[in-house]
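What follows is a single structure, written as structure tokens, with notes after it.
The values are calculated or read from the model by the stated rules, or taken from the named source; none is laboratory data. Worth saying up front: this structure is predicted, and the values here are computed from it rather than measured. For neighbour counting, all protein chains shown are included, and Cβ atoms are generated from backbone atoms with ideal geometry for every residue, glycine included.
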Amino acid sequence: MAWVVDTCLLIDVAEADPTFGLASAKLLDLKRAEGLTICPVTYVELAPVFNGDQTAQREFLFNLGLTWTEAWTQSDTEEAHRAWHRYVAARRTARVPKRPLADILIGAFASRCDGILTRNESDFRTVFPSLVIAAP
């Protein structure tokens, strides 16, 4: 299928982050031949990086070799439902730090793909223990 790219890696590259930019770009280069895509949530999360300019954002994604048109499915919704339940149950026992709902949605989307590329492995590992994760 393809690897799902987490928003943080794209922001690293777009903003030429001095700490993470190069490592994130190298991971994208390494996995590009296997296919790269993003979750619709990531597309939305990137809006501020491009000042809401969808043309510039699409050009950026295209130049990285990413697809962004993969549809959200019913199975994604069901996986996100299960993951959010697991997260909230763990959170109630104070076993995990707060996570935004966007990470749950991105992780659920990635669950039906080859895996996720992220530098926040522990954020996904807690809620998606069987998800294949590659980090820079």
### Query
Where in the stretch 1-68 are there helices (runs of 4 or more DSSP H), lying wholly inside it, with at least 3 residues that are more than 15 Å from the chain's Cα centre (by Cα)?
21-31, 54-63
### Message
Take Thr55 and tell me if it is out of contact with any strand residue (DSSP E or B) (no Cβ under 7 Å at 6 or more places or on another chain), farther than 19 Å from Leu9 by Cβ and modelled with pLDDT of 95 or more.
### Response
yes
### Query
From the list Ala94, Ala102, which one is assigned to a loop (DSSP other than H, G, I, E, B), among the hydrophobic types (A, V, I, L, M, F, W, C) and either surrounded by 14 or more Cβ atoms within 10 Å (Cβ to Cβ) or out of contact with any His (no Cβ under 7 Å at 6 or more places or on another chain) (or both)?
Ala94
### Task
From the list Glu79, Glu70, pick out the single residue that is within 15 Å of Phe109 (Cα to Cα), of a type outside the set (Gly, Ala, Ser) and touching a Gly at 6+ places or on another chain (Cβ under 9 Å).
Glu79
#### Entry: Where a residue in the stretch 87-110 is under 11 Å from Val41 (Cβ atoms) and at pLDDT below 95 and its partner, wherever it lies, is surrounded by 13 or more Cβ atoms within 10 Å (Cβ to Cβ) and among the hydroxyl-bearing types (Ser, Thr, Tyr), with Cβ under 7 Å and at least six apart
Ile104/Tyr87
